[in-house]
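Okay, so here's the structure we're looking at.
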There are 2 protein chains.
Amino acid sequence: MLQPLLDYCNSICKMPEQLINDLLNYAKIKEYKKDEFILKQGFVSNYTSWIIKGAVRSYYIKDDEEITTKFLQEGSPITSIYSYYSRRPGNENIIALEDVTIACFHYDQMQKMYKDYPAFNIIGRIVTEKYLYFLEIELYNLRKTKAEERYRYFVKHYPQLLQRAPLKHIATYLGMNLETLSRIRARRYSPLTQN
Amino acid sequence: MLQPLLDYCNSICKMPEQLINDLLNYAKIKEYKKDEFILKQGFVSNYTSWIIKGAVRSYYIKDDEEITTKFLQEGSPITSIYSYYSRRPGNENIIALEDVTIACFHYDQMQKMYKDYPAFNIIGRIVTEKYLYFLEIELYNLRKTKAEERYRYFVKHYPQLLQRAPLKHIATYLGMNLETLSRIRARRYSPLTQN
DNA sequence: TTCATCATTTGACTTTTGTCAAGAATAACA
DNA sequence: TGTTATTCTTGACAAAAGTCAAATGATGAA
């Protein structure tokens with residue numbers, strides 16, 4: 001079950017046997033049903049996880065509304081960046097979009113592996129760099145002024161998520177409201193605005 | 001001149017003498033006059049730098065307009081994340097907002113230090129993690145729907161930048177146009193909307 | 001100083017997006 | 001199967017933000 005994770009790590013930096021053993025021993029497999037919380041606001045995020053199967057959504061509450069900040073699917077790392085790194089309770093919620101299976105690694109065990117294995121620091125650094133690049137693109141897209149452009153980018157790059165997530169969450173993720181998103185989608189198929 | 005950088009790195013992870021020597025030897029001090037380019041779009045970013053003095057602005061061109069994506073000041077690392085990590089030309093420009101002095105580290109020498117010193121991987125990982133957190137906050141703020149809220153956050157957290165950067169750049173950074181920003185600023189001092 | 005340039009503000013108007021309310025469509029379930 | 005939620009769509013209108021044009025202010029060079 002963890003083979004894809006091992007392959008991924010090894011592709012970044014060949015891991016010594018001992019590190020692979022630690023990784024396998026430390027990994028705690030958890031399953032969540034659709035709509036179960038993986039992390040609730042007000043709690044410290046003690047795990048960095050890896051999505052084996054399924055998709056999750058991360059959001060915070062603003063003025064009684066859920067603002068979705070991330071959708072993550074198979075093969076992605078998940079954690080609350082603020083809470084995990086600062087070791088404090090945050091305002092982020094992570095919830096299963098559908099039934100999910102994840103492999104969790106506890107903060108202390110992650111630190112231990114960083115301490116014990118130079119290779120793991122390289123992997124940690126590079127995974128973090130990739131995530132950084134991902135966030136840069138997100139920022140780039142959010143600064144696009146037109147709601148329609150943001151939606152088109154989403155359709156092009158995350159078509160699977162259109163099936164996996166309800167529109168109301170996609171809307172707040174894209175920084176618009178549900179009705180606006182619905183109208184943009186209606187517009188899309190009109191012969192005059194197609195492109 | 002590099003003492004603050006050394007102090008900062010050491011505060012993350014005590015560096016061995018040899019690493020400190022390498023850092024000092026590899027550092028190339030460069031100075032740029034206001035409005036000089038530190039990185040131009042279409043080129044590969046070969047350096048990760050550290051701002052010793054001054055402030056810089058990073059932007060890309062969209063529909064003939066400069067969209068500012070970042071302001072960075074003394075003590076910040078700078079590079080084009082996409083270009084530096086992918087080793088490809090990107091569309092990011094980095095330009096001096098005022099006269100700046102930076103310490104540059106070449107990609108190859110960075111890799112060499114990562115290879116030679118476990119401590120440097122830890123530092124690299126943690127600096128990257130901090131940056132990650134910084135981008136998360138940026139994302140959080142850009143998703144705030146109201147232009148005025150975004151401006152208020154900016155005023156509160158980066159008051160110095162109001163002095164250092166012209167409003168037209170702050171406007172695109174905040175995802176609004178210049179006139180809107182100007183009106184928000186006018187609004188601010190009216191007794192009815194103050195808070 | 002004076003001129004030229006750039007930065008900022010303001011006005012009039014348009015477009016985009018949000019809000020509220022009501023229906024239609026779809027999925028979930030007893 | 002019908003019933004109930006939930007999700008999605010649509011309409012009418014309001015608010016926010018963008019556009020274009022012009023005026024004012026500030027700055028810097030000759």
Check: Once you average over the residues of A:113-126, how many Cβ atoms of partner chains fall within 10 Å of each Cβ?
Finding: 4
Notebook entry, point to check: Roughly how many whole Å is it from the C-alpha centroid of the range B:95-111 to that of the range A:29-108?
Noted result: 36
Next item on the list: Evaluate the charge dipole of chain B about its Cα centre and quote only its size in Debye, nearest 20, assuming +1 on the Cβ of each Lys and Arg and -1 on the Cβ of each Asp and Glu.
Entry: 560
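With runs of 4+ DSSP H residues as the only contributors, calculate the mean residue ellipticity of chain B at 222 nm using -39,500 (n - 2.57) per run, divided by the residue total and rounded to the nearest 500. Don't jump to the answer; show the numbers that get you there.
Working: 9 runs with 96 residues, N = 195.
After summing the helix terms and dividing by the residues of chain B, the value is -15000 deg cm²/dmol.
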Checklist line | Highest-MSF residue in chain A out of A:L19, A:L161, A:L139 [GNM, Cα springs under 10 Å] | finding: A:L139
Check: trypsin sites (Lys or Arg not before Pro) within the range B:1-61: which are DSSP loop residues with at most 15 other Cβ atoms inside 10 Å?
Finding: B:K14, B:K33, B:K34, B:K40
Margin query: Averaged across B:58-65, how many Cβ atoms of other chains sit within 10 Å of each residue's Cβ atom?
Written below: 1
Item checked: Which listed pairs, of A:K28/B:K112; A:K62/A:K130; A:K33/A:K144; A:K70/B:K144; A:K70/A:K146, have C-alpha distances above 26 Å, in listed order -> A:K28/B:K112; A:K62/A:K130; A:K33/A:K144
Checklist line | Interchain or long-range residues, amide H under 5 Å from B:Y117's placed H | finding: none
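Tell me, A:E148, A:E136 in order of fewest to most beta-carbon neighbours within 10 Å? Walk me through the numbers before you get to the answer.
Numbers: A:E148 18, A:E136 21.
If I rank by nearby Cβ atoms, fewest first, I get A:E148, A:E136.
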Notebook entry, point to check: What number, in percent, do you get for the relative contact order of chain B if the mean sequence gap of Cα pairs under 8 Å and at least 6 apart is divided by its residue count?
Noted result: 24
Notebook entry, point to check: Between the helical axis of B:147-157 and the dominant principal axis of chain B, each derived from Cα atoms, what acute angle in degrees is found, rounded to the nearest 10?
Noted result: 50
Checklist line | Interchain or long-range residues, amide H under 5 Å from A:L97's placed H | finding: A:D35, A:A55, A:V56, A:R57
Note to self: Given points 7 Å out from each Cα along the Cα-Cβ axis, report the A:N91 to A:D64 separation in nanometres with one decimal.
What the structure shows: 1.7
Note to self: Quick check: pseudo-label points 7 Å beyond the Cα along Cα→Cβ at A:K28 and A:T145, how many nm apart are they?
What the structure shows: 4.9
Next item on the list: Report the residue, chosen from A:P159, A:P77, A:P89, that carries the largest GNM mean-square fluctuation when chain A is represented by alpha-carbon nodes joined by springs under 10 Å.
Entry: A:P159
Checklist line | Partner lysines for A:K30 [C-alpha distance under 17 Å; skip if fewer than 8 residues away on the same chain] | finding: A:K40, A:K53
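When a/c is below 1.5 the answer is rounded, else prolate if a/b is larger than b/c, else oblate, so apply that to the range A:44-90 with a ≥ b ≥ c taken from the square roots of the Cα gyration tensor eigenvalues.
Working: a/c = 3.13, a/b = 1.17, b/c = 2.68.
It is oblate, given that a/c is not under 1.5 and a/b is not larger than b/c.
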Next item on the list: Pick out, in residue order, every one of the trypsin sites (Lys or Arg not before Pro) in the range B:119-167 that is DSSP loop and has at most 11 other C-beta atoms within 10 Å; say none if there are none.
Entry: B:K146
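Classify the protein assembly as shown from the C-alpha gyration tensor, please: rounded if a/c falls under 1.5, else prolate or oblate depending on whether a/b exceeds b/c.
Numbers: a/c = 1.73, a/b = 1.06, b/c = 1.63.
It is oblate, given that a/c is not under 1.5 and a/b is not larger than b/c.
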Check: What is the average number of partner chain Cβ atoms found within 10 Å of a Cβ in A:137-147?
Finding: 5
Note to self: Using only the alpha-carbon atoms, how far is helix A:3-12 inclined from the longest principal axis of chain A? Give it as 0 to 90 degrees, nearest 10.
What the structure shows: 80
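A short reminder: the numbers here are calculations on the coordinates, not readings from a lab. Just so it is clear, the model here is predicted, and its values are computed rather than measured. Glycine gets a Cβ as well: all are built from the backbone with ideal geometry, and neighbour counts include every protein chain shown.
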